[in-house]
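No lab work stands behind these numbers, since they all come straight from the coordinates. No experiment lies behind these values; they were computed from the predicted model shown. We place every Cβ from the backbone using ideal geometry, glycine too, and count neighbours over all the protein chains shown.
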Amino acid sequence: MNTLLELQKLDLKIQNRKARELEIPKQKDKYKIRRQRLNSELKASEDRSKTLVLEQRECEGEIEQRRAQIAKYDTQLLAVKKNEEYQALLHEIEILKKQISVKEERIIAILLEIDEANERLVEDKRRIEAELADIDGECKKIDDELAEAVKDREELEAQRVPLVSNIDPALLNRYDRILRSKKGGAAVVPLRGDFCSGCNMVIRPQIVNEVLAGEKIHACNHCGRLLYHAENFEKAVEAGASES
Ligand SMILES: [Zn+2]
């Protein structure tokens, strides 16, 4: 029973570590979200100047088209006989020239906007890259913490081996099964008067007497936990209590 209590003390510690191992990586979730946000911010900044460059090319293409059209009308002017046709062509050319100058003004504005966008991109990049590096550093710390926790737990698990070899296999089996079913709780609990301290139900007097005598190992018939008499294992109980 003493060894079993020691084993339980160790197992509860191991369970505690395992729970921590599951919690530690969750700290990275907020960094994942921040990283995504920064990356889309960077992309938006890059897209701003790309979009402007595209618009500039579009304007240049439209100017080219209109110049070609003007050249065509210029040639037609030479062949035109009627004055109305001549005037109509001149009017068309005039409209095209106005459209060209509107596009040219837009290109000048775009070039300024591109300069601004590029300056902003340089700043954004510097800031975002620094923030991403910070995040990488924080995530590395979390990974290290997890590696440390795993190592810690593995050391505890190694301590299990000599304890387990001293326990009757049938009892060990029973203990393991109860511990698994009590997810995080104790599998071996002290009697409190004639109550089971695991589930607070009354235990039959005959069983209580046998547990007090330390003759047999009994399970609580309500919750299935193994029962022991605390005073028989004062030391083990004290050690166990400091862990919970
Ligand atoms: Zn019980």
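Of all DSSP beta bridges in the chain, what percent run antiparallel (nearest 5)? Display every interim value, and only then the final one.
Details: 5 of 8 bridges.
Around 60 percent antiparallel, to the nearest 5.
Note down the Stokes-Einstein diffusion coefficient of region 1-49 in µm²/s, whole number, using a Kirkwood radius over alpha carbon pairs, 10 °C, and 1.306 mPa s. Show your work: numbers first, answer last.
On the way: Rh = 14.3 Å.
After rounding, the answer is 111 µm²/s.
How tilted is helix 169-181 with respect to the longest principal axis of the chain? Cα atoms for both, answer in degrees (0 to 90, nearest 10).
Result, in degrees: 40.
At most 14 other Cβ atoms within 10 Å and a DSSP loop assignment: could you name the trypsin sites (Lys or Arg not before Pro) in region 48-113 that fit? Write down the numbers at each step before the final one.
On the way: sites: R48, K50, R57, R66, R67, K72, K81, K82, K97, K98, K103, R106; in loops: K81, K82.
Those satisfying the criteria are K81, K82.
Do the sum for the chain: with -39,500 (n - 2.57) for every DSSP H run of n ≥ 4, divided by all residues, what is the mean residue ellipticity at 222 nm, to the nearest 500 deg cm²/dmol?
Details: 6 runs with 185 residues, N = 244.
Mean residue ellipticity at 222 nm (helix-derived): -27500 deg cm²/dmol.
By how many degrees, 0 to 90 and rounded to 10, does the Cα axis of helix 83-164 deviate from the longest principal axis of the chain?
Rounded to the nearest ten degrees, it is 10.
Along the positive direction of the dipole of region 6-82 (beta-carbon charges: Lys, Arg +1; Asp, Glu -1; about the Cα centre), which of Q69, L22, A79 reaches farthest?
Going by the Cα projections, it comes out as L22.
Could you tell me which GluC sites (Glu not before Pro) in region 151-215 are loop residues by DSSP with no more than 14 other beta carbons within 10 angstrom of their beta carbon?
E215
Convex hull over the Cα atoms of the chain, averaged projected area in nm²?
Values: hull surface 99.2 nm².
About 24.8 nm², averaged over all directions.
How would you rank 109-119, 164-174, highest first, on the average number of other Cβ atoms within 10 Å across their residues? Mind showing how you got there, number by number?
Working: 109-119: 14.5, 164-174: 12.8.
The packing order, highest mean first, is 109-119, 164-174.
On C-alpha positions alone, give me the angle between the axis of helix 2-23 and the longest principal axis of the chain, in degrees, nearest 10.
In the chain, helix 2-23 runs at an angle near 10 degrees to the longest axis.
Would you list which lysines come within 21 Å of K18, measuring only between C-alpha atoms, while excluding same-chain residues fewer than 8 positions from it?
Correct list for K18: K9, K26, K28, K140, K141, K151, K182, K183.
Hey, in the chain, which Cys have no second cysteine's beta-carbon closer than 4.7 Å?
By the Cβ distance rule, which asks for a partner under 4.7 Å, the isolated cysteines are C59, C139.
For region 57-153, how big is the tail of P(r) above 18 Å, as a whole percent of Cα pairs?
Details: 3267 of 4656 pairs.
Across region 57-153, Cα pairs with separations above 18 Å total 70 percent.
Over region 168-241, with a single point scatterer placed on each C-alpha, what log10 of the ratio I(q)/I(0) does the Debye formula yield at q = 0.15, 0.18 1/Å?
Values returned for q = 0.15, 0.18 Å⁻¹ are -0.47, -0.68.
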